[in-house]
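Inspection log for the structure reproduced underneath, given as structure tokens.
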Amino acid sequence: MIAPALLAASLAARGGAATEPPLRLRVLTYNVWDVPWISSDREARLAALPDALTGLSPDLLLLQELWEPEDAASVARALSTRGYPHAHYVARGERASTGLFVASRSPLEPLGFRPYRLGALPH
């Protein structure tokens, strides 16, 4: 699961001193529905995506179903100009395509992907 791993990495990077105020992290997760040959108006929706997402002022963006590497690169470039310079796209896992994309205002390390144990197909 990518979201818990990123949250843990963010918290670890912050340190654990008890005197620090609680970390406030705004996380936005969104299913882009960028499915080639099925999704309608893909180009227009992807073009509108960066402004729509950053308008909500999240610290961390977690996107699903951003299937095409070219689309992920385009979204990453657009988000970079809007204050989210750190992006990572997981094009493929060990057994399947993932469509997972992460963008952040701050660097988050380490970043990893762990596929489900059982099958990669929805059926």
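The values are calculated or read from the model by the stated rules, or taken from the named source; none is laboratory data. Just so we're clear, the structure is a prediction, and the values are computed from it rather than from any experiment. In this analysis, Cβ positions are derived from the backbone assuming ideal geometry, glycine residues included, and neighbour counts consider all displayed protein chains. SASA here: full protein model, heavy atoms, side chains in, ligands and nucleic acids out. Shrake-Rupley method; radii C 1.70, N 1.55, O 1.52, S 1.80 Å.
Data for the structure
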| item | result |
| --- | --- |
| Residues of the stretch 55-74 satisfying the condition of being open to solvent by 50 Å² or more (accessible area, probe 1.4 Å) and in a helix (DSSP H, G or I) | Pro69, Glu70, Ser74 |
| So Ala52, is it modelled with pLDDT of 95 or more, within 16 Å of Arg26 (Cα to Cα) and in a helix (DSSP H, G or I) | yes |
| Qualifying residue in the stretch 105-114 (condition: of a type outside the set (A, V, I, L, M), closer than 17 Å to Asp34 by Cα and either at pLDDT 95 or above or surrounded by 14 or more Cβ atoms within 10 Å (Cβ to Cβ) (or both)) | no |
| Gly83 being of a type in the set (Gly, Ala, Ser), open to solvent by 40 Å² or more (accessible area, probe 1.4 Å), over 12 Å from the mean Cα position of the chain (by Cα) and at pLDDT 90 or above | no |
| Filtered residue count, the stretch 30-50, keeping only those that are open to solvent by 50 Å² or more (accessible area, probe 1.4 Å) and either under 15 Å from the mean Cα position of the chain (by Cα) or closer than 21 Å to Pro107 by Cα (or both) | 3 |
| Any hit, the stretch 9-29, residues being within 11 Å of the chain's Cα centre (by Cα), assigned to a strand (DSSP E or B), modelled with pLDDT of 95 or more and not β-branched (Val, Ile, Thr) | yes |
| Pair list, Cβ under 6 Å, 6 or more apart: the stretch 60-82 residue under 18 Å from Trp33 (Cβ atoms), other residue open to solvent by 30 Å² or more (accessible area, probe 1.4 Å) and not in a strand (DSSP E or B) | Leu62/Ala3 |
| Checklist (1) at pLDDT below 90; (2) part of a loop (DSSP other than H, G, I, E, B); (3) open to solvent by less than 50 Å² (accessible area, probe 1.4 Å); (4) not charged (D, E, K, R) applied to Ala91, failing item | (2) |
